[in-house]
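Q: Before we start, here is the structure in question, set down as structure tokens.
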Amino acid sequence: MKNKSILILHKSFANDARRLAWGVLWALGFMLSSAQAADNASAAAPACPKVLQHTVLRLQDEKPQNLCQYAGQVVVVVNTASFCGFTPQYKGLEALYSKYKDRGLVVLGFPSNDFSQEPENNAKIADFCESTYGVKFPMFVKTTVRGSDALPLFKQLAQITGTTPKWNFYKYIISRDGTRITSYSSVSSPEGKDFLNEVEKQLKAGGGT
């Protein structure tokens, strides 16, 4: 009887050991698969250009947004205002975004009172943009776009291009990899030939169709 009990106990330990071994092997396989998936995702994700390595606050709810989420896209950066002669360009910018977003273009709007034509608070600006011009492209909180207090993004754009916004609706086009940045004055409309040619050129250069 004693030997039989020992045999049963031995078989029980053996079964437990096998289950443990299979569990360890399964866990190792899962971790290796997860690590491989993470590596593949990392390899597939485009590198974030230095010019986009900034965090800004979204206009509608002031939640932090990392601009690296737009890496790999052609990015149009524009400083905006609600009470400017160029304010109707909101309509053209939204049309531009709507037309090209599926090809990898995004418009980023930055309201500013640097030229004394954006006195409203963030909530009123957001309401104005949506209700008046149906703006759907990403907008961010009111900020400074020139001078020593300028948003770091605009300081970087000024350093690279050699020009700061001279008025509202000054535009910068950033290539997908961030290596080419071109600037356009306020009088260059979103429908302008030169502006659209550069947009098309950068979309195609990055593999757009």
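Read the figures in this text as sums done on the coordinates, not as results from a lab. What you are looking at is a predicted structure, and each value in this text was computed from that prediction instead of being measured.
Q: I need the shape label for the stretch 50-205. Rule: rounded when a/c is under 1.5, else prolate if a/b > b/c, else oblate, with a, b, c from the alpha carbon gyration tensor.
A: rounded
Q: Would you mind checking Lys50/Lys142; Lys63/Lys136; Lys155/Lys204; Lys50/Lys193 for any pair whose Cα atoms are more than 24 angstrom apart?
A: As for pairs spanning more than 24 Å Cα to Cα, those are Lys155/Lys204; Lys50/Lys193.
Q: Quick one: length gained pulling Lys166 to Glu120 fully straight, 0.36 nm per residue minus the C-alpha distance?
A: Full extension of this stretch gives 14.5 nm more.
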